[in-house]
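Chemist: I'd like to ask you about the structure that follows.
The values are calculated or read from the model by the stated rules, or taken from the named source; none is laboratory data. Not measured: the values here are computed from a predicted model. Here the Cβ is made from the backbone with ideal geometry for all residues, glycine too, and neighbour counts use every protein chain on show. Quick note on the areas: whole protein, heavy atoms, side chains included, nothing else; ligands and nucleic acids left out. Shrake-Rupley method; radii C 1.70, N 1.55, O 1.52, S 1.80 Å.
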Amino acid sequence: MSQSLFLLPGDGIGVEVMGEVKKLVAWLNAQQKADFSTDTGLVGGSAYDKHGVAISDDDMKKAMAADAVIFGAVGGPKWDKVPYEVRPEAGLLRLRKDLQLFANLRPAICYPALADASSLKREIVEGLDILIVRELTGGVYFGEPKTITDLGNGQKRAIDTQVYETYEIDRIVRVAFDLARTRNKKVHSADKKNVMKSGVLWDEVAHAVAKDYADVKFEHILADNAAMQLVRNPKQFDVMVTDNLFGDVLSDAAAMLTGSLGMLPSASLGAPDKATGKRKALYEPVHGSAPDIAGKGIANPIAMLASFAMALRYSFGMIELANKLEASIAAVLDEGLRTGDIAQGGKSIGTEEMGAAILKKLAA
Ligand code: IPM
Ligand code: MG
């Protein structure tokens, strides 16, 4: 039975890097290593231009029905002035919320070949392998009220609401512990329990969950200290679980340790369906649409291809193929192939050449 992929390239370099996924999928199908059916939709500015919204209801239905959504990137200066409700990011946030993709996995791996591209010293980042597990459907991103009120005296008041319930914390912390068991068996839970009630509850629930995982080392860390420790001594971490907003910030910091945002994949997963055991899932590179280099054919497709590797692993159980794809990425880097973002002024190749080189390694 074929597996369905819904491709949402989005805007800017999203379109270019998705092109390399399409080639990979075509090759896997042709080699009978997989049987993927694909459909493509619009999200972000490109959806706004066509439909006046950041994602159409029709494309939302397709995303709901797909075995996995493969997402590129959204946004760009062209849409800076569109109404807030239909800004490009709204498409991504609707996908996360409506598909209930509460668990966002953001690995930060420092490929040995790239340790010198990091802004930190080689010895600090070489061999780095951490996983940020970010809560993705709650907290201040979605909490109500979320308003700006005119107070009538020349002042306005803006409110965002940070809100978490026990079950939301419990399920994301369990994801972190389950993943830690497959890795180095260490979980840090980051919050601001010293100033936030949501942090107090977060820590209480995290400690309760930790009791079910006696084989995994558990530590609380304040989110600001986590930011500091990430740049001081990042290799002390294995899995770090945190809320939506702290996860957004800390994962960008973790990403940059590895040399380039252009390298990092992510997976956003829902709960397993009670009947089928299948999770709804969306896979996307951590980088954005990079309007400054869009359309030039120079974007790094590695984060997108590595996101597809995560899809192979988490949605389709094709572990061996996922490992091979990741090894192929490491191998081309070892050979010295670089896109502009990681070339450090040296020789660089384009998006298609990088995609082709990785595919060639995979085929070898
Ligand atoms: C991310 C991005 C998004 C977020 C934006 C584009 C809404 O920064 O995925 O980290 O804040 O979650
Ligand atoms: Mg972010």
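Chemist: Restricting to Cα pairs below 8 Å that are 6+ residues apart, what does the relative contact order work out to for region 269-363? Please round to a whole percent.
Modeler: Relative contact order of region 269-363: 26 percent.
Chemist: Right, another one. In the chain, what percentage of the DSSP-assigned beta bridges are antiparallel, given to the nearest 5?
Modeler: 45 percent
Chemist: Whose amide H sits under 5 Å from the amide H of His287, counting only residues 5 or more places off or on another chain, with H placed in the peptide plane?
Modeler: Those qualifying (amide H under 5 Å, at least 5 residues apart or on another chain) are Leu264.
Chemist: Any idea what log10 I(q)/I(0) is at q = 0.10, 0.11, 0.12, 0.17 Å⁻¹ for region 1-140, Debye with uniform C-alpha scatterers and no solvent?
Modeler: Cα-only, vacuum Debye calculation for region 1-140: -0.45, -0.54, -0.63, -1.06.
Chemist: Average the reciprocal distances over every distinct pair of alpha-carbons in region 238-348, invert the result, and give the Kirkwood radius in Å.
Modeler: Hydrodynamic radius (Kirkwood, Cα pairs) of region 238-348 is 15.6 Å.
Chemist: Compute the normalised compactness of region 29-108: alpha-carbon radius of gyration over 2.2 N^0.38 Å, N being the residue count.
Modeler: So region 29-108 has a normalised radius of gyration of 1.23.
Chemist: Each residue of region 43-51 in turn: what ³J(HN,Hα) in whole Hz from Karplus with 6.51, -1.76, 1.60 and θ = phi - 60°, glycine and Pro shown as x?
Modeler: Per-residue couplings from phi come out as 8, x, x, 5, 6, 4, 4, 8, 10 Hz.
Chemist: Between beta-carbons, use under 15 Å as the cut-off and find the net charge around Leu264, counting Lys and Arg +1, Asp and Glu -1.
Modeler: -4
Chemist: Another question, if that's okay. What is the diffusion coefficient of region 126-178 in µm²/s, taking the Kirkwood radius over Cα pairs and the Stokes-Einstein relation at 37 °C with a viscosity of 0.692 mPa s?
Modeler: Estimated diffusion coefficient is 236 µm²/s.
Chemist: Rounded to the nearest 500, what is the 222 nm mean residue ellipticity of the chain from helices alone, with -39500 (n - 2.57) per DSSP H run of 4+ residues and division by all residues?
Modeler: The helix-only estimate for the chain comes to -12500 deg cm²/dmol at 222 nm.
Chemist: Among 146-152, 34-40, how do they line up from the highest to the lowest mean number of other beta-carbon atoms within 10 Å?
Modeler: The densest-packed peptide leads the list: 34-40, 146-152.
Chemist: Counting only heavy atoms of protein chains, what accessible area per residue, in Å², does region 107-189 have with a probe of 1.4 Å?
Modeler: That works out to 50 Å² per residue.
Chemist: Using the alpha-carbon centroid of each, what span in Å lies between region 311-352 and region 46-91?
Modeler: Using only Cα atoms to place each centre, the spacing works out to 27 Å.
Chemist: Past the 28 Å Cα-Cα mark, which pairs from Lys97/Lys197; Lys235/Lys280; Lys146/Lys193; Lys62/Lys192; Lys278/Lys324; Lys146/Lys296?
Modeler: Going by Cα-Cα distance, Lys235/Lys280; Lys62/Lys192; Lys146/Lys296 fall outside the 28 Å limit.
Chemist: How large is the charge dipole for the chain, taken about the Cα centre, if only the Cβ atoms of Lys, Arg (+1) and Asp, Glu (-1) carry charge, to the nearest 20 debye?
Modeler: So the magnitude is around 320 debye.
Chemist: How many percent of DSSP beta bridges within region 1-153 run antiparallel, rounded to 5?
Modeler: Counting DSSP beta bridges with both partners in region 1-153, the antiparallel share is about 40 percent.
Chemist: How large is ³J(HN,Hα) for each residue in region 330-346, as worked out from phi by the Karplus curve 6.51 cos²θ - 1.76 cosθ + 1.60 (θ = phi - 60°), to whole Hz, x for Gly and Pro?
Modeler: Computed from phi, the couplings for region 330-346 are 4, 5, 5, 5, 4, 6, x, 6, 9, 8, x, 5, 10, 7, 6, x, x Hz.
Chemist: With a probe of 1.4 Å, find how much accessible area region 226-364 has per residue, and write the answer as a whole number in Å².
Modeler: 40 Å²
Chemist: Under 5 Å between amide hydrogens, which residues at least 5 positions from Leu131 or on another chain qualify, with H placed 1.01 Å from N in the peptide plane?
Modeler: Correct list: Ala108, Val239, Met240.
Chemist: Packing-wise, with mean Cβ within 10 Å as the measure, how do 342-353, 2-13 rank, highest first?
Modeler: Answer by packing, highest mean first, reads 2-13, 342-353.
Chemist: Any idea how far the Cα center of region 180-244 sits from the one of region 1-42, in Å?
Modeler: Here the two parts' Cα centres lie 35 Å apart.
Chemist: Something else: Under 8 Å for C-alpha pairs, at least 6 residues apart: give me the relative contact order for the chain, rounded to a whole percent.
Modeler: This gives 20 percent for the chain.
Chemist: Is region 79-234 rounded, prolate or oblate when judged by the Cα gyration tensor, a ≥ b ≥ c being the square roots of its eigenvalues, rounded requiring a/c under 1.5 and prolate requiring a/b larger than b/c?
Modeler: Because a/c hits 1.5 or more and a/b exceeds b/c, region 79-234 counts as prolate.
Chemist: Which of the trypsin sites (Lys or Arg not before Pro) found in region 62-113 are loop residues per DSSP with 11 or fewer other Cβ atoms within 10 Å of their Cβ?
Modeler: Here the trypsin sites (Lys or Arg not before Pro) that fit, given the DSSP loop and packing criteria, are Lys81.
Chemist: If you take the Cα Rg of the chain and divide it by 2.2 N^0.38 Å, with N the number of residues, what do you get?
Modeler: 0.98
Chemist: Right, here's the next one. Got a sec? Which residues in region 98-115 would a label at Ile319 touch, if it sits 7 Å along Cα→Cβ and we count backbone N under 18 Å?
Modeler: The answer is none.
Chemist: What are the ³J(HN,Hα) values, in whole Hz, obtained from phi via the Karplus relation 6.51 cos²θ - 1.76 cosθ + 1.60 with θ = phi - 60°, for each residue of region 119-125 in sequence order, with x given for Gly and Pro?
Modeler: Here the 3J(HN,Hα) series is 7, 9, 5, 3, 5, 6, 10 Hz.
Chemist: Beta carbons within 10 angstrom, averaged per residue: use that to sort the peptides 240-253, 155-168, highest first.
Modeler: The packing order, highest mean first, is 240-253, 155-168.
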